[in-house]
1. Please compute, over every Cα-Cα pair in the chain, the percentage with a separation greater than 22 angstrom.
2. If you place +1 on the Cβ of every Lys and Arg and -1 on the Cβ of every Asp and Glu, how big does the dipole about the Cα centre of the chain come out, in debye to the nearest 20?
3. Tell me, what % of the accessible area of the chain is carbon and sulfur with a 1.4 angstrom probe?
4. To the nearest 20 debye, what is the magnitude of the charge dipole of the stretch 1-47 about its Cα centre, counting +1 on the Cβ of each Lys and Arg and -1 on the Cβ of each Asp and Glu?
5. Which parts of the stretch 10-35 would a label at residue 107 reach, counting a residue when its backbone N lies under 17 Å from a point 7 Å out along Cα-to-Cβ?
6. For the stretch 17-23, in order, what is each residue's ³J(HN,Hα) by Karplus, 6.51 cos²θ - 1.76 cosθ + 1.60 with θ = phi - 60°, in whole Hz (x at glycine and Pro)?
7. Given a 1.4 Å probe, how much area per residue of the chain is accessible, in Å²?
8. Just the number, please: percent antiparallel of the DSSP beta bridges in the chain, rounded to the nearest 5.
Amino acid sequence: QVQLVESGGGLVQAGGSLRLSCAASGLIFSRHGMGWFRRAPGKEREFVGAISWNDNTYYADSVKGRFTISRDNAENTVFLQMNSLKPEDTAVYYCAAARNPLIATMAADFGSWGQGTQVTVSS
């Protein structure tokens, strides 16, 4: 009965910004680390970043310095602020809930997944 619903995707020009949201229900949100993944057409799903219950964060090298993960435990929501977007950031972005409160980076460590939201960055 866990549900994760992403929103905020869209079309932006290179260099622009976008903020994604993920609303969670059916779980004790503060007991789970959260993560963001993305999948570009014809490519494997890849890790983007993660955040622990107490706001420790970790990012893939490809987005470090440009993307910021945050969470609001009172609102059961995790965010992905994306700045300085590049065409290679174009993908479907997914949020996921880990099985424990700490940082996780492997897809197998996440037990629940959202449906994804499309991000398209034009050159």
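1. Counting every Cα pair in the chain, those more than 22 Å apart make up 25 percent.
2. 80
3. The C+S portion of the solvent-accessible surface of the chain is 48 percent.
4. That gives the stretch 1-47 a dipole magnitude of about 40 debye.
5. The answer is 35, whose backbone nitrogens lie closer than 17 Å to the label point.
6. 3J(HN,Hα) across the stretch 17-23, in whole Hz: 10, 8, 10, 9, 10, 9, 9.
7. Per-residue accessible area for the chain comes out at 51 Å².
8. 90
The values are calculated or read from the model by the stated rules, or taken from the named source; none is laboratory data. If you're wondering where the values come from, they're calculated on a predicted model, not measured in any experiment. Reconstructed Cβ throughout: ideal geometry from the backbone, glycine too, with neighbour counts over all protein chains shown. Heavy atoms of the whole protein, side chains included, go into the accessibility calculation; ligands, DNA and RNA do not. Shrake-Rupley method; radii C 1.70, N 1.55, O 1.52, S 1.80 Å.
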